[in-house]
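First the structure, in the form of structure tokens, and then the observations on it.
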Amino acid sequence: MKDLIYKELMLAMHPAAILFLCLSSMLMIPSYPYFIIFFYTCLGVFFICMSGRENKDIYYTMLLPAEKRGIVAARFLLVVLIELLQFAAAVPFALLRSAVYSGPNEAGMNVNAAFFGFAFLMLGLFNLVFFTKYYKNPNKVGVPFLLGCIAFSVCMLFVEASRFAVPFVEHYLNAPGAQNLPYQAAVLAIGAALWALLTAAAYRRSVKSFEAFDL
Amino acid sequence: MTVLSVKNLCKKYEGFALKNVSFDLREGEITGFIGRNGAGKTTTLKSLLNFVHPDGGEIRFFGREFAPHELEIKQKLGFVSGGIDYYPMKKLKTITDVTRRFYHEWDDAAYRRYMELFGLDERKTPKQLSEGMKVKYSLALALSHHAKLLLFDEPTSGLDPVSRDELLDIFMDLVQNEDITLLFSTHITTDLEKCADNIIYIKNGEILAEEGLDAFLAEYKVARFSGGVPHDPRLVGVKRERTGHTALVRADDIAALDAEITDADLEEIMVHMEKE
């Protein structure tokens with residue numbers, strides 16, 4: 001597996017996916033729909049799969065002593081790494097933001113622990129929808145990405161709308177900084193757990209689809 | 001020793017099917033896999049490595065079934081479809097560095113030797129290589145992990161005659177000196193006449209012939225008719241030429257044929273058979 005991951009990093013990784021990690025710094029914009037930062041993470045994943053198609057990555061990898069299951073697993077590990085790095089890069093900016101700017105976010109949800117929990121959920125949904133469709137035919141990347149974006153966007157709109165529709169969300173989960181931290185921490189934990197479950201489900205389905213796929 | 005054994009391989013597509021494809025490859029021999037475009041050569045080769053899933057049949061490499069022993073079998077295989085057409089913008093050095101990690105028997109000294117022998121520069125990208133050099137790079141990769149069986153899908157297509165001849169020399173050296181078994185599909189039949197020991201001929205997804213090249217060539221003659229062509233069921237694939245007509249005829253059937261009889265080469269056999 002480590003050889004396949006090395007291949008992912010040396011050959012399959014698209015520079016844009018690394019560049020998009022820097023966009024975690026957008027948390028320093030005083031008001032912004034910050035979930036968009038994680039949309040860029042999805043865009044990075046799309047670039048990797050798209051350039052993989054153009055570079056015949058799957059064909060090359062299938063020639064190597066590697067099983068289809070392993071090929072899918074390595075791609076998932078790369079994506080998991082990128083997504084976690086996006087969070088890791090975002091946390092320092094979130095702390096810095098709360099230190100230098102105390103006002104609320106006028107353009108969307110405030111940056112707090114619950115925000116990251118919801119972001120996990122959005123990425124989990126994207127992984128499930130995108131990869132399940134993508135591995136049915138890795139030569140078609142556009143439609144899976146579109147469907148993944150729809151899943152991400154619907155979840156984002158739902159979360160943003162719930163702030164207005166559900167007082168609990170506005171008062172407890174949208175609190176700036178660390179107010180009501182236990183509630184926010186619970187959302188973070190549930191979001192992260194759902195991300196892990198959805199990604200694991202996406203992996204299982206992807207392996208099944210990819211095993212059946214004829215190159 | 002049989003290096004590859006294929007029995008009753010079947011794969012059905014809409015409008016095309018591989019029908020009970022069976023053949024064997026013996027160690028240390030070059031086998032040519034011929035057939036016109038769309039006859040099933042690439043599908044057969046892809047089925048061997050599970051790139052496409054056969055509907056039925058048995059494939060054994062080195063006496064072992066492919067699916068349960070995929071990783072160990074691939075350690076001893078080199079598969080090249082034309083030249084390399086993956087990661088065209090990455091340096092050969094990077095591609096090699098990734099590839100070598102997958103092979104237990106990777107031999108850096110052999111790799112350096114072949115890169116030098118083939119005149120390949122690691123700092124180049126596949127995009128900067130000619131078609132011939134791409135095939136040579138694939139070959140260098142395969143030989144550096146001591147592949148015992150090389151499967152080539154049209155390695156000489158797109159090469160100039162000099163490069164083709166050079167490559168065929170390399171193939172013959174490999175078989176002679178390193179006991180490598182080689183199967184290559186092509187529709188350039190003259191390449192096979194230069195180097196192949198055996199021939200597998202596929203037409204519309206069915207194997208028409210699988211035998212030694214010399215025996216195969218000896219089975220057929222070309223009958224040339226300057227005037228009209230008699231209606232004779234022994235004549236195969238009658239076709240027009242500048243000075244008359246030609247047809248293929250089995251060597252046993254040439255008696256009492258009122259025609260000029262000449263030896264048949266592979267191209268003539270294929271062209272006439274495909275007219276049937």
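Please state which of the following conditions A:Phe126 fails to meet, knowing it meets all the rest: (1) in a helix (DSSP H, G or I); (2) buried (at least 23 other Cβ atoms within 10 Å of the Cβ); (3) out of contact with any Gly (no Cβ under 6 Å at 6 or more places or on another chain).
(3)
Can you name the condition, by its number, that A:Gln86 falls short on among (1) more than 22 Å from A:Phe130 (Cβ to Cβ); (2) away from chain B (no Cβ under 14 Å); (3) open to solvent by less than 60 Å² (accessible area, probe 1.4 Å)?
Against the list (1) more than 22 Å from A:Phe130 (Cβ to Cβ); (2) away from chain B (no Cβ under 14 Å); (3) open to solvent by less than 60 Å² (accessible area, probe 1.4 Å), A:Gln86 comes up short only on (1).
Could you please let me know if B:Pro126 is within 14 Å of chain A (Cβ to nearest Cβ), open to solvent by 40 Å² or more (accessible area, probe 1.4 Å) and closer than 25 Å to A:Leu4 by Cβ?
No.
What are the residue pairs meeting all of these: first residue in the stretch A:179-207, first residue closer than 22 Å to A:Ile58 by Cβ and at pLDDT 95 or above, second residue of a type outside the set (Gly, Ala, Ser) and open to solvent by 40 Å² or more (accessible area, probe 1.4 Å), Cβ atoms under 7 Å, and 6 or more apart or on different chains?
Short answer, once both residue conditions are applied: A:Val207/A:Arg69.
Just to be sure, is A:Tyr34 more than 13 Å from every other protein chain (Cβ to nearest Cβ), touching a helix residue (DSSP H, G or I) at 6+ places or on another chain (Cβ under 8 Å) and at pLDDT below 95?
When the stated conditions are applied, A:Tyr34 passes them.
Considering only residues that are in contact with a helix residue (DSSP H, G or I) (Cβ under 7 Å, 6 or more places away or on another chain) and among the polar types (S, T, N, Q), which ones fall in the stretch A:1-31?
A:Ser24, A:Ser25, listed by residue number.
Before we move on, is B:Leu18 within 26 Å of B:Glu267 (Cβ to Cβ) and in contact with a Ser or Thr (Cβ under 9 Å, 6 or more places away or on another chain)?
So B:Leu18 fits the description; yes.
Within the stretch A:113-121, is there a residue that is more than 22 Å from A:Trp195 (Cα to Cα) and either open to solvent by 10 Å² or more (accessible area, probe 1.4 Å) or within 14 Å of chain B (Cβ to nearest Cβ) (or both)?
Within the stretch A:113-121, none of the residues are more than 22 Å from A:Trp195 (Cα to Cα) and either open to solvent by 10 Å² or more (accessible area, probe 1.4 Å) or within 14 Å of chain B (Cβ to nearest Cβ) (or both).
Within the stretch B:103-113, take every residue that is in contact (Cβ under 8 Å) with a residue 12 or more places away in the chain and out of contact with any Lys or Arg (no Cβ under 6 Å at 6 or more places or on another chain) and give me the one that is nearest to the other protein chains (Cβ to nearest Cβ).
Ranking the qualifying residues of the stretch B:103-113, first place goes to B:Tyr103.
Scan the stretch B:46-86 for residues that are facing chain A (nearest Cβ under 9 Å), open to solvent by 20 Å² or more (accessible area, probe 1.4 Å) and of a type in the set (A, V, I, L, M, F, W, C) and report the count.
Of the residues in that region, 2 qualify.
Condition check: at pLDDT below 90 and either at positive phi or facing chain A (nearest Cβ under 9 Å) (or both). Does B:Gly38 satisfy that?
Here the answer is yes, as B:Gly38 does meet what is asked.
Suppose we filter the stretch A:158-188 for residues that are surrounded by fewer than 16 Cβ atoms within 10 Å (Cβ to Cβ) and within 16 Å of the chain's Cα centre (by Cα); how many remain?
The number of residues fulfilling the criteria is 0.
The values are calculated or read from the model by the stated rules, or taken from the named source; none is laboratory data. Model, not experiment: these values are computed from the prediction. When we count neighbours, we look across all protein chains shown, and the Cβ atoms used for this are built from the backbone with ideal geometry, even at glycine. SASA here: full protein model, heavy atoms, side chains in, ligands and nucleic acids out. Shrake-Rupley method; radii C 1.70, N 1.55, O 1.52, S 1.80 Å.
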